[in-house]
Structures are given as C-alpha cells and as structure tokens.
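In what follows, a single structure is set out as structure tokens and then discussed.
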Amino acid sequence: MIDQPVSAPVRGGVRPPPDRPDAGRFLVLLVVFVCAACGLVYELELVALASYLIGDSVTQASVVLSVMVFAMGIGSLLAKRLRCHAAVGFGLVEAALALIGGCSALVLYAAFAWLGEARYALVAFSLAIGVLIGAEIPLLMSLIQRASRRGGRGEEDAAGTVADLFAADYVGALVGGLAFPFLLLPWLGQLTGALLTGAVNAVAGGALVLWLFRRDLSPRSRWWLLGANLTVLAVLTTATALVGDFEAAARRAVYGEPVRVAVHTGVQEVVLTGAEDGPVDLFLDGRLQMSGGDEDRHHRALVRPALRQGPHAHVLVLGGGDGLAAREVLRHPGVHSVTVVELDPGMVRLARTDPALAALNGHVYRDPRLRVVYADAFRWLRGASAPRHGYDVVVADLPDPGVTPSAKLYSQEFYGLAAGVLADGGRLVVHAGPVGARPHAYWTVESTIRAAGFATRPYRAPGRPDRGFVLAVPAAAGTPPDPGPGVLGVEEQRPRGVPPSTLLRPRYAE
C-alpha cells in the first residue's frame, strides 16, 4: 500500500465526496487507458522514424526501448517528490508529455533533414518521454487511491486498486500498439499521427485534473494548468496545420532536388525526384533505390549474364516493382513470359502511371508477356502458388541486403526456396550490394547462396556507384556460365572464412 497524504480538509475538516464516487474511479481508469495508449504510440513513432531515417530497425528499436525503460525508472523515483501534490503534478506531466511526445517525430525529422544526424535527438526524446511516462504510474496511483477513499473503499482495497490500474494500463498499451500500424500510420502518417496523439494526451490528462480533481487545486494552480494545456494544444494544432509545408521543405533538404512524387503506399514511402522529362531518382523509405543516370548499366549487369547462356523462355523477377529489371528481361530475344512478384501494389501503380518512371521502364507493364503477383517473395516461394521447377531464370532484384527488414530475402532458407522453382539448367542471379563499400555484406550473401546448394560466380558492374551481383546455378549442374563482357569478376577478392547467414541471424546486416 502506498501512503498518500490527504489534501487539506475543508468545511470543518471533512471533504465532501463527489455525488458518484464510482464514476470518479472509472474516469481515472479511463485516463490511465488513454495515457498508456498514447505512451506506446510515442515509443513506436520513435522506433519507426528512427528505422526510416537511420536504418537497421533492430538497433534502433533496442536503443529506444532500453533507454525508455531506464528513463521510466528514473521518472518513477522523481515522481515521489510530487505525490503530495499529485493532481498538479499529473497535470504538468501530461502537458509536458503531450508536447514532447507529439512533437518528437517532427523534431527528429528536422534534425535528420537539416543537421544530418538524428541519433542524439533520438536518445534525448527517448529519455524525456521515458521519464514522463515513468512518472505517470505513481501519480496515477495516488489519484486513483484518492478517488477510492472518496468512494468509501478505504485502504483495504489497495490490491484491487493496483490491479485495476495495471489492467487499464496494459489494455491501453495494447490498443495504442494496434492503432499505430493499422490506423495512425496508414491514415495520418508519422508526423501528423504523433501530433494528434499528443493532442489526445493533453485533453485526457487536463480534463481529469481540471474537472475530477479540481477541488485539490488552488485557483492559481488551476489557471496555470489550464494555460499550459491550452498552450500545448495551440502548439500541436499549429504544427498540424503546417506539417505539409514542413515535410515538403524537409524532403527538399534531404534529397537535394525537387521532390516530384512522395507517397506512402502502406508498405513504404516512395519518393521520385527530378523532372518528368528528365532523369528520375527513386527512393524507398529514404534510401536511393535507383538513379536514372546509371540504372541502365545496373539492370543490364543484373539481368544479361543470367540470360546470356542457357534456356530463358520463362523468367521470374523477385521484387523489381519499378519494372526496370523486367524491361531488361523482355529486351532479350526468346523470352516468352515474365512473372514479377512484388510486395507493394503502390510501387507497381506508380511504375505504370508516372510519366517519367513509365518511360524509363519502357511501359513494360503493357507487355502481354508480363504477369504481376502481389505477394511477399518469401511466402510466395514457399506457398503452393509458386510453380515447382518452372523457371529458367530467377532474378532477385530486392532491397539492399544491409536493410534489416529484408533479412529473410537474403537467407539460406530463401535461396533454398528459389532453387525449388528453377527448371533443369536454370540460373539464379542476386543483387548483393556494393563489393567495396560493404564487403562483409556482399561476401556473406555469396557464401549464403553457396550454403543453399549453389555454385556461384561473383561479379560487379564497372564504374560508380559500386554494384555487386552473384550468378549461381545448382551445384549439381556444375559451374555458372561466364557473365560475359561488360562486367568485372571479383572472385579474387573473396575473403576467407565468411560464414553464411541464416533466417534468424542475418549477419550481413551492417
């Protein structure tokens, strides 16, 4: 039982209870629920935005969550000093949490866009939000005990009070955790979603203190809390109104060129820069996926070595929703069908309709030989819909192997599934990242392909940027064919002792 000093008595030493004490207890628990949901949304916002801006989602999630849990402990200790003034303390904590949590995504994005570094801001916000969330529980415990005493429950119901408090807190966290990916992120985006969450947080915390516990406040405290909450709401409202202009300016600062298209597809953020009648650059979640100035060289080096020798009537492209790898495949004589397995329908829709991107891919989606399957490549290969031993060539045009969410697409399990759809004499070619800039990542991909039962021939495209690939055939079929002219072999650069990755330990993620 936590001892809680009773506020100053009135009317002869007895404070009149509210007319409906059970309703007061319920309202406290309702605010616990709302605050817990908002707190988890702030955490997920920081993890998601840090992964988008900095990369390596595992590291960013570990940093945010560990720092927040540590800070919550500090916040709980600091809240002991406020328990004598629990109502005022809780009102100030919620106002600060609404302001800091609501603006966290905005400031983090600004730090990345204009300062080029978001790690320090990430740690600072994780600390601040964690301290404030940690201070909530002791103060809420004091408030709910006060509401219980007014309802005549007495101190003997302490265990029930603790159980009710944590039940509301955990259920609120569940709702916040589900609302973030399924409602806030797809419908509002990261910046607006965080601002709206802050507004809800401010209204819930301020309403509880200024209404249910208003008699615990002096007139001066009441006006201070009212002014603080109105100021926070005004800041959040103004930021929401300006978020579109801010995001446009931040994108210009990040990409360095006019942003012509920027859409959230539900799977990723797709950004196109450049003019409709000029070179176009494609960014996926902030990372350069394709540059119009050199994409032709990249996709020729990816596709042509695999189609140069052997049968190639039926080709499977894993990824490549931009249509550029499929364009290069269909340029090759003798190709009868191409199947593109792409996770993001929005990427394909943009490749069909955007004038610059459609011109770059040669309007490949109009070709009757091409079929699109919207699915996760790993699940599709493992499912019954993938034809067994049906493809002469498999082209893996997938996200960079250094991006943690793509780990399973560079695992031994994935290449084993790809081997299952290859016809006799079939070849597999994989985009494996830069050879020089990230040699460990590149050679781990190559060793993983060999561990899956393939013989490999590593090579790269000449010039800059550095693009590395691996051409492979089942080990029983012998040696992969010579990639041919226009590419550079890198077999002599192979280091010793690079272990293959696994699905659960993607060691190539740097």
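The values are calculated or read from the model by the stated rules, or taken from the named source; none is laboratory data. Computed from a predicted structure; not experimentally measured. As a convention, Cβ positions derive from the backbone with ideal geometry for all residues, glycine included, and neighbour counts pool all protein chains shown. The area values use the complete protein model at the heavy-atom level, side chains included, leaving out ligands, DNA and RNA. Shrake-Rupley method; radii C 1.70, N 1.55, O 1.52, S 1.80 Å.
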Original post:
Thr479 to Phe182: FRET efficiency via 1/(1 + (r/R0)^6), r the Cβ-Cβ distance, R0 56 Å, to the nearest 0.05?
Top reply: 0.70
Subject >> Residues Phe246 and Arg331, FRET efficiency given R0 of 51 Å [Cβ-Cβ distance, rounded to 0.05] >> reply: 0.75
Subject >> Rounded to 5, percent antiparallel among DSSP beta bridges of the chain >> reply: 60 percent
**OP:** Note down the nm distance, to one decimal, between modelled labels 7 Å out along Cα→Cβ at Arg366 and at Val58.
**Re:** 4.5 nm
**OP:** In vacuum, with every alpha carbon of the stretch 17-94 counted as one equal point scatterer, what does the Debye formula give for log10 I(q)/I(0) at q = 0.17, 0.19, 0.26 Å⁻¹? Two decimals, please.
**Re:** -0.84, -0.95, -1.20
Original post:
Length gain on complete extension for the stretch Phe26 to Cys84, per 0.36 nm per residue less the alpha carbon to alpha carbon distance?
Top reply: 18.7 nm
Original post:
So how much slack lies between Ala451 and His389, counting 0.36 nm per residue of separation and subtracting their Cα-Cα distance, in nm?
Top reply: 20.3 nm
Original post:
Any idea what log10 I(q)/I(0) is at q = 0.13, 0.21, 0.23 Å⁻¹ for the stretch 151-256, Debye with uniform C-alpha scatterers and no solvent?
Top reply: -0.73, -1.15, -1.19
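Going highest first, how would you order 113-126, 456-469, 235-248 by mean Cβ packing within 10 Å?
Put in order of decreasing packing, that is 456-469, 113-126, 235-248.
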Original post:
So what are the three principal axis dimensions of the stretch 271-383 from its Cα atoms, in whole Å, longest to shortest?
Top reply: 39, 30, 24
Subject >> Surface accessible to a 1.4 Å probe, per residue, for the residues of the chain, Å² >> reply: 44 Å²
Original post:
Starting at 0 and stepping by 20 Å, how many percent of the alpha carbon pairs of the chain end up in each bin?
Top reply: 21, 42, 25, 12, 1
**OP:** Using label points projected 7 Å from each Cα along Cα→Cβ, tell me how many nm separate Arg379 and Ser291, to one decimal.
**Re:** 3.5 nm
Original post:
Label points 7 Å out from Cα along the Cβ direction at Val107 and Glu492: separation in nm?
Top reply: 5.4 nm
